[in-house]
Amino acid sequence: NKDKIILGIETSCDETAVAIVRNGREIVSNVVASQIESHKRFGGVVPEIASRHHVEQITLVLEEAFDQAGMGWDDIDAIAVTEGPGLVGALLVGVNTAKALAFAKSKPLVGVHHIAGHIYANRLESEFTFPLLALIVSGGHTELVLMRGHGDYQVIGETRDDAAGEAYDKVARMLELPYPGGPHIDRLAASGEETIEFPRAWLEEGSYDFSFSGLKSSVINKIHNAKQRGEILKKEDIAASFQSSVVEVLTEKTFRAAEEFQVKQVIVAGGVAANQGLRRALEQKFSGTGTPLMIPPLKLCTDNAAMIAAAGTISYEKGNTAGLDLNASASLLL
Ligand code: KG4
Ligand code: ZN
């Protein structure tokens, strides 16, 4: 049985990434070119700029991934690419690159859902045990996904408005912190105190859905009302109080779902998985329960192509390949 070597390509947002992964488990090379510096002064990702950067970077990043791996095209079994969701102009750069390469090098092509990628980032660290519950928290997503086997995704809860990372970035903006704001709020929260009471959106009894827009409005109101009274709230305290609300709801709902579905493993994925407060709260909640909790190392939490190659390996093994009519889809469902 020969090793399966998959080339992964990810361009759904503001990172141009290419990686090579062996058997869905082992990173051979993993190259990420971030555009954050170019978007910072606009306070968010500008789609046009993102697409243009991807076009400029993709060939270089691809070459670097082969160089670091010490491999050539003969070693590659298939090409996996993020087909969605994401910014359509950004996705198209990756999808068209993957299609051109699949055609030119006669390699099978595999389309990958970005969130499946975030989930499979965990498998680069340790093997999955099913049934498994995944909490996905990123700039664009907040979802609880139940998996009963490889490639089998059942969304049991999702955000009804803002994603967790989006809420972090919006609150960071109110506090005049640089983009992306999540890590800054995380850092401030560590030295702040929970002096401000913010709401927790539990929603209906038994619901695994999330909502963060009410919390965001509450932050605006508290800052505004304090100003009217001539008070200034400490940024650290706003950060700590806001983070506590987000973390409590995420942790509690994840815990309840893990119990209800009797899962054998809980994994966390997406950029907000880098959050120190969330990591600590989840670790505490699940310690001693006998349900192992996996949170990927920081480097694999944020967008990269190794996770796309890892998820793509499963589709490839299942014979789930795409034709050259593969298209980018901004709102692809899991
Ligand atoms: O997964 P990701 O890199 O991109 C998307 O697919 O969205 O996630 C980016 C998001 C941003 O909203 C960023 O602010 C957030 O993850 N983030 C954090 C932290 N690090 C990144 N949020 C809270 N705490 C952090 N330490
Ligand atoms: Zn992502």
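The values are calculated or read from the model by the stated rules, or taken from the named source; none is laboratory data. This is a predicted model, so every value here is computed, not measured. Backbone-built Cβ (ideal geometry, glycine too); neighbour counts: all protein chains shown.
Points worth noting:
- Check on ALA328, part of a loop (DSSP other than H, G, I, E, B) and within 16 Å of ligand 2 (Cβ to nearest atom): yes
- If you filter region 119-138 down to residues that are in contact with an Asp or Glu (Cβ under 9 Å, 6 or more places away or on another chain) and either buried (at least 24 other Cβ atoms within 10 Å of the Cβ) or under 19 Å from ALA306 (Cβ atoms) (or both), you find that the one that is modelled with the lowest pLDDT is SER138.
- Filtered residue count, region 126-145, keeping only those that are part of a loop (DSSP other than H, G, I, E, B), more than 16 Å from ligand 2 (Cβ to nearest atom) and either without any contact (Cβ under 8 Å) to a residue 12 or more places away in the chain or under 30 Å from ILE36 (Cβ atoms) (or both): 1
- Residue within region 146-160 that is without any contact (Cβ under 8 Å) to a residue 40 or more places away in the chain, part of a strand (DSSP E or B) and crowded, with 20+ Cβ neighbours inside 10 Å present: yes
- When we screen LEU298, LEU334, LEU326 for residues that are modelled with pLDDT of 95 or more and either surrounded by fewer than 18 Cβ atoms within 10 Å (Cβ to Cβ) or closer than 26 Å to ASP152 by Cα (or both), the only hit is LEU326.
- Qualifying residues in region 215-225 (those that are under 25 Å from the mean Cα position of the chain (by Cα) and touching a residue at least 24 places away in the same chain (Cβ under 8 Å)) - the one farthest from LEU250 (Cα to Cα): VAL219
- Residue check for ALA240: part of a helix (DSSP H, G or I), surrounded by 21 or more Cβ atoms within 10 Å (Cβ to Cβ), within 15 Å of ligand 1 (Cβ to nearest atom) and aliphatic (A, V, I, L, M): yes
- Of the numbered criteria (1) within 16 Å of ligand 1 (Cβ to nearest atom); (2) over 15 Å from the mean Cα position of the chain (by Cα), the one SER315 fails is (1).
- Of the residues examined, GLY94 is one that is within 16 Å of ligand 1 (Cβ to nearest atom), more than 26 Å from PRO183 (Cα to Cα), part of a helix (DSSP H, G or I) and not aliphatic (A, V, I, L, M).
- Qualifying residue in region 226-237 (condition: in contact (Cβ under 8 Å) with a residue 60 or more places away in the chain, touching a helix residue (DSSP H, G or I) at 6+ places or on another chain (Cβ under 9 Å) and either small (Gly, Ala, Ser) or outside any loop (DSSP other than H, G, I, E, B) (or both)): yes
- When residues of region 204-225 are limited to those that are surrounded by 15 or more Cβ atoms within 10 Å (Cβ to Cβ) and among the hydrophobic types (A, V, I, L, M, F, W, C), the one nearest to GLY157 (Cα to Cα): PHE210
- Top-ranked residue of region 164-193 - restricted to ones that are in a loop (DSSP other than H, G, I, E, B) and within 20 Å of PHE42 (Cα to Cα), ranked as farthest from ligand 1 (Cβ to nearest atom): GLU176
- Within region 17-57, if we keep just the residues that are touching a Ser or Thr at 6+ places or on another chain (Cβ under 7 Å) and of a type in the set (A, V, I, L, M, F, W, C), the residue that is modelled with the lowest pLDDT turns out to be ILE49.
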